[in-house]
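Written out below as C-alpha cells is the structure these notes cover.
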Amino acid sequence: TCGICVDRCPFDAIQIVNLPQELDEAPIHRYGENSFALYGLPAPRDGQVTGILGPNGIGKTTAVRILADELQPNLGQIGDPPAWDAILDEHRGTALQPYLEAIDDEDVSVARKPQYVDKLPDRYGGRTRDLLERADERGVVDELARRVGIAPVLDQDLDTLSGGELQRVALIATLARDADFYFLDEITPYLDIGQRMTAARLVRELAESGDRSMLVVEHDLAILDLLADGIHLAYGQPGVFGVITPPKSTKQGINEYLAGYLESENVRVRDSEITFETHAPRTLTGGKPVVEYPALEKSYGEGEFGLSVEAGTIHEGEVLGVVGPNGIGKSTFAQLLAGRLAPDAGSLDASLDISYKPQYVEIDRQMRVETFLRTITDDVGSSYWTTEIAQPLQLDPIMDQQLPDLSGGERQRVAIAACLSDDADLYLLDEPSAHLDVEQRVRTTTAIRRYAENHDATALVIDHDIYMVDLLSDRLLVFDGEPAEHGHASQPQPMREGMNDFLANLDVTFRRDERVGRPRINKPGSQLDREQKQSGEYYYSE
Ligand code: ADP
Ligand code: ADP
C-alpha cells in the first residue's frame, strides 16, 4: 500500500502518493452518501478542442452531464443541489468560469457522439440518410459524408453497416448539429489510421471555424496528440471517485500519463512508465516455423474484392502485427488461415488450430462471464490462468455479470480472454484495442506478449492504434491496395521495414518527442516530414 497517504486517503487508493489537493476539498458532485464522487471538471473553450485522457468509469460522463446542464452538481451535499451562484463562486477566475456563466444564462446547446456506436441501429431504425438528415442543422451532411467516405452507404439501412461505417455516421450526425458544445466519446474505434486522421481533421475544422467548443475522450494517443489543443487527465478509482485535473498542454499531459506520474498533482497513476524504442527492435529469429503458407489468392466472385498474399512464414512465440486500411482483406486473410474460407489458389495446412477474436465482438447469450469462459477452458481459476489472463485483463470484478450487461470495454476484455484461453497454435486477434482505455491497452499488450512467449504460441494482431502495434509486435504483415477492390499482403517484415512500407502508403511520418521518445505524427509538408520521406524513415529514427 501507499506509505505516504494511507492514513489520510479517504478512499484507500493505494496508488496516490500524496493526497491531491482536490480531495481535501468538496467534490463537484456526489451521487449519494457512499456513491461515486467527482472532483474537478473539464473546461471547454471556444474555438478549441479539449481532450480528456484517463480510464473508463472515472466520471467523464458525469462531468459532461453537468456541462450539458442535465445534472445539477451538488458539491457533495446530498439533498438540495446548491444554487448556481455557489458553483460559480467556486470557479471564479478558473478556465471554467465563462462556460459556467453560459450555462447559467441557459445559453449552451450540446451535441453528443455516444461511445458505443454498435448500439446505433437498435436505437434508430431505417435508412442511414434519414438519420443524418434529421441531424443536419448546418446543411453539411453530404459534404461530410463524402469526406469520410460513407457516401456509398447512405441509402443502406443502419443495421447493414459495419462498425467502421457506424462510427463515421455517428461522427457526422454529431458534427452536423448546430451546437455550442460538442462532446465526442471516442472517435477512433473501428477506423483505420487514414480514417482516424480524417475524423480528427473534421473535429478540428469545426472548432476552428468559430466559437464552438469540442470536448473529446480519446484513447488512441497518436490521434489525441493530433486532435487536442489541451487536455485534462482523469484519474482515481473507477466506481469510487474520479479527479479531473486542470488543463495541461497536450504534449505534457500525454507524456505525464505515459510516465505514470502526474507532476503538478504529485500522483502516481501506474507503477511503471510506458516507453517507446526509437530504434526498431531486433527481429526475433529463434522460434521454429508454426505456419508456412504459400502464395494465396482469394476473390469473392467475378468483379468483386480480390486478395493476393505473398508466401510467408510465421514463427513460434512471435507476435505478428497486421496493418493496413479497412476493406483491404485483413479479415479475409485471417479467415483463410483459420480455415473458415478456402483460397482460390494455394493451399493451407488444415491441421492448424486457430483461436480467433473477430473485430466485432458478439457474445450476447444470457450467461455469466465465468460460465462462458468455463465453456472454453477448464483452467478458469487456476493460478496460471489467474496470473496470465484474469489479472491483466481485469476480469475479477466482472466474472459474475451476465454477458449482455457488459460495457464495450468489458466485452472486449472477455472476448480477448476467451481467445487466449483456447488451446491453439495460432491466436488471431482483430482490433483488441477497440473500447479499451489506455491502461487496458497496455495491460492487454503485455498479456498477449507474455502469453505468446510463455506458451510458444503465436499471435497475429490486427490493430490500428499505432502505439499498440509498436509495443506489441515483433514483425509486421503489411496490407496495401485499393479498399473494397483489391488487396495485397507482403511477407512478414522486420518492424522498421514494415512501418516504412505501411506509412509510405499512408504518406504519414512520425517524429519523436524530444523528452520521452514518444512517436508523434508530423505535420504534412513540414521540414521533418519532407526530410524523413526523402530518407525513407517514416517511423523509427537512427
Ligand atoms: P465514465 O464516463 O468515466 O466511464 P461515468 O461518469 O459514467 O464514468 O460514471 C462514473 C461512476 O459514477 C460509475 O461508477 C457509475 O456507476 C457512477 N454513476 C453514474 N451515474 C450514476 C447515478 N445516477 N447514480 C449513482 N451512481 C452513478
Ligand atoms: P479488412 O479486414 O481489411 O477490413 P475484409 O477482409 O473484411 O477487409 O474485406 C475486404 C473486402 O472484401 C471488403 O470490400 C469487403 O466488403 C469484402 N468482403 C468481405 N467478405 C465478403 C463476402 N463474404 N462476400 C463479398 N465480399 C466480401
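The values are calculated or read from the model by the stated rules, or taken from the named source; none is laboratory data. Nothing here was measured: the structure is a model prediction, and the numbers come from that model. Neighbour counts run over all protein chains shown; Cβ positions are idealised from the backbone, glycine included.
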From the list A415, A447, A452, A424, exactly one residue is assigned to a helix (DSSP H, G or I) and closer than 15 Å to I376 by Cβ. Which is it?
A415
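Residue by residue, here is whether (1) assigned to a strand (DSSP E or B); (2) over 16 Å from I521 (Cα atoms) holds:
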site: Y182; (1), (2): yes, yes
site: P189; (1), (2): no, yes
site: M197; (1), (2): no, no
site: L206; (1), (2): no, yes
site: G210; (1), (2): no, yes
site: V216; (1), (2): yes, yes
site: L224; (1), (2): no, no
site: G239; (1), (2): no, yes
Residues within the stretch 288-298 that are within 31 Å of the chain's Cα centre (by Cα) and either surrounded by fewer than 20 Cβ atoms within 10 Å (Cβ to Cβ) or under 24 Å from D507 (Cβ atoms) (or both), tallied
2
If only one of R515, R511 is touching a helix residue (DSSP H, G or I) at 6+ places or on another chain (Cβ under 9 Å) and surrounded by fewer than 16 Cβ atoms within 10 Å (Cβ to Cβ), which one is it?
R515
Options L171, L158, L166; residue that is hydrophobic (A, V, I, L, M, F, W, C) and within 16 Å of ligand 2 (Cβ to nearest atom):
L166
Filter result for D220 (under 22 Å from T445 (Cα atoms) and of a type in the set (D, E)):
yes
Among the listed residues D480, D437, D456, D463, which satisfies the condition of being charged (D, E, K, R), within 16 Å of ligand 2 (Cβ to nearest atom) and under 19 Å from A417 (Cα atoms)?
D463
A434 versus (1) in contact with a Phe, Trp or Tyr (Cβ under 6 Å, 6 or more places away or on another chain); (2) outside any helix (DSSP H, G or I): which is the lone unmet condition?
(1)
Inside the stretch 343-355, can you point out the residues that are closer than 19 Å to L420 by Cβ and not polar (S, T, N, Q)?
L352, D353, I354
Is it the case, given these coordinates, that V369 is within 16 Å of ligand 2 (Cβ to nearest atom), among the β-branched types (V, I, T) and surrounded by 15 or more Cβ atoms within 10 Å (Cβ to Cβ)?
no
Which of (1) out of contact with any Phe, Trp or Tyr (no Cβ under 7 Å at 6 or more places or on another chain); (2) modelled with pLDDT of 95 or more; (3) within 25 Å of V64 (Cα to Cα); (4) not small (G, A, S) does T174 not meet, given it meets every other one?
(1)
Can you find a residue that is free of Cβ contacts under 8 Å to residues at least 24 places away in the same chain, in a helix (DSSP H, G or I) and of a type in the set (K, R) anywhere in the stretch 525-536?
yes
Could you please let me know if E256 is acidic (D, E), part of a helix (DSSP H, G or I) and either closer than 30 Å to Q48 by Cβ or within 30 Å of the chain's Cα centre (by Cα) (or both)?
yes
Just for the stretch 137-190: of the residues that are surrounded by fewer than 16 Cβ atoms within 10 Å (Cβ to Cβ) and among the polar types (S, T, N, Q), which one is farthest from the chain's Cα centre (by Cα)?
Q156
Has the stretch 306-328 got any residue that is within 13 Å of ligand 2 (Cβ to nearest atom) and either without any contact (Cβ under 8 Å) to a residue 12 or more places away in the chain or among the charged types (D, E, K, R) (or both)?
no
What number of residues within the stretch 316-355 satisfy the criterion of being in contact with a Cys (Cβ under 6 Å, 6 or more places away or on another chain) and surrounded by fewer than 20 Cβ atoms within 10 Å (Cβ to Cβ)?
0
Among the residues of the stretch 190-211, write down those that are modelled with pLDDT under 95 and either of a type in the set (F, W, Y) or in contact with a strand residue (DSSP E or B) (Cβ under 7 Å, 6 or more places away or on another chain) (or both).
Y190
Residue that is farthest from T458 (Cα to Cα) [pool: residues in the stretch 331-354 that are among the polar types (S, T, N, Q) and more than 12 Å from ligand 2 (Cβ to nearest atom)]:
S347
Out of all the residues in the stretch 493-504, is one or more over 23 Å from the mean Cα position of the chain (by Cα) and assigned to a strand (DSSP E or B)?
yes
Which one of these is assigned to a helix (DSSP H, G or I) and out of contact with any helix residue (DSSP H, G or I) (no Cβ under 8 Å at 6 or more places or on another chain): S308, S331?
S331
Right, L352: within 26 Å of A504 (Cα to Cα), of a type outside the set (S, T, Y) and over 23 Å from the mean Cα position of the chain (by Cα) or not?
no
Name the one entry in R340, R365 that is away from ligand 1 (no atom under 16 Å from the Cβ), closer than 17 Å to I416 by Cα and in a loop (DSSP other than H, G, I, E, B).
R365
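Yes/no matrix, rows are residues, columns are (1) under 25 Å from I52 (Cα atoms); (2) in contact (Cβ under 8 Å) with a residue 12 or more places away in the chain; (3) in contact with a Ser or Thr (Cβ under 7 Å, 6 or more places away or on another chain); (4) of a type outside the set (D, E):
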site	(1), (2), (3), (4)
P392	yes, yes, yes, yes
S407	yes, yes, no, yes
R411	yes, yes, no, yes
A415	no, yes, no, yes
C419	no, yes, yes, yes
P432	yes, yes, yes, yes
M468	yes, yes, yes, yes
Is there any pair linking a residue in the stretch 230-258 that is without any contact (Cβ under 8 Å) to a residue 24 or more places away in the chain to one that is within 13 Å of ligand 1 (Cβ to nearest atom), with Cβ under 8 Å and at least six apart or on different chains, and which?
K248/H232; K248/L233; E256/L233
